[in-house]
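Quick notes on the structure that follows.
The values are calculated or read from the model by the stated rules, or taken from the named source; none is laboratory data. Note that the structure is predicted; figures quoted are calculated from it, not measured. Please note: Cβ atoms are built from the backbone with ideal geometry, for glycine as well, and neighbour counts cover all protein chains shown.
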């Protein structure tokens, strides 16, 4: 569980990610946390990373993988793991953008 302050911070990051992916849909990837320009897997916080999966974006902004407010928020919305959701074969970047937009507008009252 995250605090209200952590949730607000995660919402702001989610809004920034949604805007980034809307401007550059090619920044999203699947089947690895992050890729470089050559398509090779790199860590999400690598300076060489140019593409991220949804969970990789969570890891890009937060050091702690397990206690990650953005990951918590996305999983609360999805009702499942971010990694599994992101890597479905028919997943589209537009759905990933929508997820981050929903996270940016998240209201705990609306989800109860």
So residue 8 fits all but one of (1) under 19 Å from residue 71 (Cβ atoms); (2) in contact with a strand residue (DSSP E or B) (Cβ under 8 Å, 6 or more places away or on another chain); what number is the exception?
-> (2)
Failed condition for residue 10, given (1) on the phi < 0 side of the Ramachandran plot; (2) at pLDDT 95 or above | (2)
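Condition first: assigned to a helix (DSSP H, G or I) and in contact (Cβ under 8 Å) with a residue 24 or more places away in the chain. Can you find one or more residues in region 30-53 that meet it? Lay out the reasoning, then the answer.
Applying the first criterion (assigned to a helix (DSSP H, G or I)) to region 30-53 yields none.
No, region 30-53 has no match at all.
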Filtering region 59-104 down to residues that are under 14 Å from residue 20 (Cα atoms) and either at pLDDT below 95 or not in a helix (DSSP H, G or I) (or both) yields 60, 61
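If you go through region 15-26 one residue at a time, do you hit one that is farther than 15 Å from residue 99 by Cβ, at pLDDT 95 or above, touching a strand residue (DSSP E or B) at 6+ places or on another chain (Cβ under 8 Å) and part of a helix (DSSP H, G or I)? Before you say what the answer is, go through the steps one by one.
Of region 15-26, the ones farther than 15 Å from residue 99 by Cβ are 23-24, 26.
Now drop any that are not at pLDDT 95 or above, which leaves 23-24, 26.
Filter again for touching a strand residue (DSSP E or B) at 6+ places or on another chain (Cβ under 8 Å), leaving 26.
Those still in the list that are part of a helix (DSSP H, G or I) too: 26.
Scanning region 15-26, I find at least one residue that is farther than 15 Å from residue 99 by Cβ, at pLDDT 95 or above, touching a strand residue (DSSP E or B) at 6+ places or on another chain (Cβ under 8 Å) and part of a helix (DSSP H, G or I), so the answer is yes.
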